[in-house]
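Q: Dropping a structure here in structure tokens format, bear with me for questions.
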Amino acid sequence: MKKKSRRSFLEIATAFIGGLISLAAGIPLIGFAISPAFKKGESKWVDLGLADRLKNSRFKKVDYTFTAKDGWVKATKKRSVYVTDAGNGEWDVFSRTCSHLGCLVRWDEKQESFLCPCHGAIFDKTGAVIAGPPPDPLQKLETKVEAGILYVKES
Amino acid sequence: MSYIGIKQFLRERLPLAALDAHLRKPLPKHINLLFSFGSLAMFLLLLQAATGAFLAFYYSPSPEHAHNAVTYISTEVPFGAFVRGLHHWGASALVIIVVLHLLRVVLYSSYKAPRELTWIFGVLLLLVVLGFGFTGYLLPWDEKAYWATVVGVEIASTAPGLGDFVAKVLRGGTEIGAVTLSRFYALHTIWLPWLVFGLVGAHLFFVRYYGSSGTPKNTPEEMSTGKPFYPHQVFEDVVGMLILFVILAAVALFVPVPLEDVADPTNADYDPRPEWYFLFLFQLLKYFQGPFEIIGTFVIPTVGMLLLLFLPFLDKSERTVLWKRPIALTVTSICVVGIVVLTILGGTSKKLETTEAAGQETTQPIEQIQGVATPDTDAETVDEGEAVFDFQLTEEEIENAIAVEEGQQ
């Protein structure tokens, strides 16, 4: 009886110490791997060029680049947006990224809609969902004009 | 499904009862703490595998990225310095534990029949562990990484016949560069892990198949009357693992892992030194000069490894008690003392101090200097089409040039 209880104590102690080591090593390792999920993205204003150049534009496709830190690399990122002159010095800048699963939408002049090539999503000219699976409208980027230059906020 | 239900489900489908009986098989009597080194080596191998697999999330094996990636891991990723510390110091701990394990086996005559195959696979594992060390320390792509690999590969190149071929295969060309880093990374993270997986499997199979050798104290009757492997031996092993992990974690927390400047193939001011576990070889090479170089680079390491590998066939005596094996004791002692002394000498050897010869920079013909001058491409003021070299002519040189030109006209 005494022998059996010593054996079961050793089994429990072995499992406990094994678990302790696994936790002590596992928590930092998991934290190390998943830490990017807790990193807040930095937002910055990106220069889209002279506002005058985009005056009266209607769903004009504009591609632009900006530099951002990507891990250990200072990378040049590329983005694509649709820009519309909303009048009174206001601008509508739509992200081309579909709110469903990230494919790039295309403006269709005939249908006056944004069409997604992946799962059939359709957004109207305000970016609202008309058809398809997206849960949210197209993202509208924050804009500002300073010294005649149109900026969008990248986040 | 309850816990008992799950247990029942698994018992019906897996040979758990047979596994349980196998794990509870009694060990020989007189097993002591020295018999935990194998389990500790296994634990460290698993820890290296785990930390290495996680480090790979943030590493990029290219000369442009490797050093920055390692800096990023050490300075910006949460727990990065700790994980890298565990991996770096864990490698050193693994070498120490594997060598202690080997010494225990030698001192207790555990390599003798019928355990020759256990020993051979163990020695192959030692070689693979050293291979992990050699391929691993190139990965940070710092000065130490670069120069230690240059020297290491040059050592391989001295092997008669195939040396040059082996060196080119290792480097992926004629010099250390992007291809070398890429293949060392592949060796370190794919090829060697598969190899170690197979070798550990074979080693463990033979350990279990032939059973523990026990100590020389054991009588044949005592070979299976000791405590069961599980939970008694396993408990002692996990206590050892806990102690080892606490020490390793403390070192990883408080001793920063060195990272030197990024590798520079033109930095002649750098004194290359290998990791401490190759220092004995580094020191040994100094004693064999000129035509005898090959003795240090090839003959001694190869013969030493072959002797170690085939030790069970060289020492066939049935005596197991240490003081009745004077030759084994003497040879082991000489090897251990020799390696320790060479390691200390290598570690404490003075770094080279030189005095630059005056005007050394201008010993090359001036055309050659101009030919290799580095354009100042970082300078923002350089416009397209504008000369990027800034060689000022003296007034005298300008006058001479005009005179020559006028003379030609």
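Q: Determine, yes or no, whether residue B:264 is under 23 Å from residue B:332 (Cα atoms) and either of a type in the set (D, E, K, R) or in contact with a Phe, Trp or Tyr (Cβ under 7 Å, 6 or more places away or on another chain) (or both).
A: Taking the combined requirement at face value, the residue does not satisfy it.
Q: Of the residues A:150, A:115, A:141, A:48, which is in contact (Cβ under 8 Å) with a residue 40 or more places away in the chain, surrounded by 15 or more Cβ atoms within 10 Å (Cβ to Cβ) and out of contact with any helix residue (DSSP H, G or I) (no Cβ under 9 Å at 6 or more places or on another chain)?
A: It is A:141.
Q: Same structure, new question: Can you tell me how many residues within segment B:46-63 are over 16 Å from residue B:128 (Cα atoms) and more than 9 Å from chain A (Cβ to nearest Cβ)?
A: 5
Q: Separate question: Run down B:3, B:111, B:58 and say which single residue is among the hydroxyl-bearing types (Ser, Thr, Tyr) and within 26 Å of residue B:275 (Cα to Cα).
A: B:58
Q: Another question about this same structure. Which condition number in (1) of a type in the set (S, T, N, Q); (2) in contact (Cβ under 8 Å) with a residue 60 or more places away in the chain; (3) buried (at least 21 other Cβ atoms within 10 Å of the Cβ); (4) within 9 Å of chain A (Cβ to nearest Cβ) is the one that residue B:71 fails?
A: It fails just one condition, (3).
The rows are residues; the columns are (1) over 16 Å from the mean Cα position of the chain (by Cα); (2) under 30 Å from residue B:54 (Cα atoms).
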position	(1), (2)
A:41	no, yes
A:55	yes, no
A:59	yes, no
A:72	yes, yes
A:89	yes, no
A:97	no, no
A:105	no, no
A:120	yes, no
A:154	no, no
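Q: Going by the structure shown, is residue B:113 within 14 Å of chain A (Cβ to nearest Cβ) and among the hydrophobic types (A, V, I, L, M, F, W, C)?
A: no
Q: Additional query: Within segment B:304-329, which residues are assigned to a helix (DSSP H, G or I), closer than 14 Å to residue B:117 by Cα and among the aromatic types (Phe, Trp, Tyr)?
A: Of everything in segment B:304-329, just one residue is assigned to a helix (DSSP H, G or I), closer than 14 Å to residue B:117 by Cα and among the aromatic types (Phe, Trp, Tyr), namely B:313.
Q: Is at least one residue of segment B:226-237 closer than 21 Å to residue B:142 by Cβ, of a type in the set (Val, Ile, Thr) and within 14 Å of another protein chain (Cβ to nearest Cβ)?
A: So far as segment B:226-237 goes, no, none of its residues is closer than 21 Å to residue B:142 by Cβ, of a type in the set (Val, Ile, Thr) and within 14 Å of another protein chain (Cβ to nearest Cβ).
Q: Which condition number in (1) surrounded by 14 or more Cβ atoms within 10 Å (Cβ to Cβ); (2) under 24 Å from residue B:69 (Cβ atoms) is the one that residue B:203 fails?
A: The one condition residue B:203 does not meet is (2).
Q: Test residue B:77 against the criterion of being within 23 Å of the chain's Cα centre (by Cα), crowded, with 21+ Cβ neighbours inside 10 Å, within 13 Å of chain A (Cβ to nearest Cβ) and at negative phi, and give yes or no.
A: no
Q: Follow-up question, since we're still on this one. Residues that are of a type in the set (Gly, Ala, Ser), outside any strand (DSSP E or B), within 14 Å of chain B (Cβ to nearest Cβ) and surrounded by 14 or more Cβ atoms within 10 Å (Cβ to Cβ): does segment A:54-76 have at least one?
A: Yes, that holds for at least one residue.
Q: Scan segment B:66-83 and tell me whether some residue there is modelled with pLDDT of 95 or more and within 21 Å of residue B:196 (Cα to Cα).
A: no
Q: Out of curiosity, is residue B:9 surrounded by fewer than 18 Cβ atoms within 10 Å (Cβ to Cβ), more than 10 Å from every other protein chain (Cβ to nearest Cβ) and not aliphatic (A, V, I, L, M)?
A: yes
Q: Could you tell me whether residue A:5 is over 25 Å from residue B:62 (Cα atoms), more than 29 Å from the chain's Cα centre (by Cα) and away from chain B (no Cβ under 11 Å)?
A: When the stated conditions are applied, residue A:5 passes them.
Q: Then there is this: Does segment B:129-149 hold any residues that are part of a helix (DSSP H, G or I) and either free of Cβ contacts under 8 Å to residues at least 40 places away in the same chain or under 13 Å from residue B:91 (Cβ atoms) (or both), and which are they?
A: Matches in segment B:129-149: B:129, B:130, B:131, B:132, B:133, B:134, B:135, B:136, B:149.
Q: Next question. From the set of residues in segment A:9-38 that are more than 7 Å from chain B (Cβ to nearest Cβ) and either in contact (Cβ under 8 Å) with a residue 24 or more places away in the chain or among the small types (Gly, Ala, Ser) (or both), which is surrounded by the most Cβ atoms within 10 Å (Cβ to Cβ)?
A: Among residues in segment A:9-38 that are more than 7 Å from chain B (Cβ to nearest Cβ) and either in contact (Cβ under 8 Å) with a residue 24 or more places away in the chain or among the small types (Gly, Ala, Ser) (or both), the one surrounded by the most Cβ atoms within 10 Å (Cβ to Cβ) is A:15.
The values are calculated or read from the model by the stated rules, or taken from the named source; none is laboratory data. All values reported here derive from a predicted model rather than from experimental measurement. When we count neighbours, we look across all protein chains shown, and the Cβ atoms used for this are built from the backbone with ideal geometry, even at glycine.
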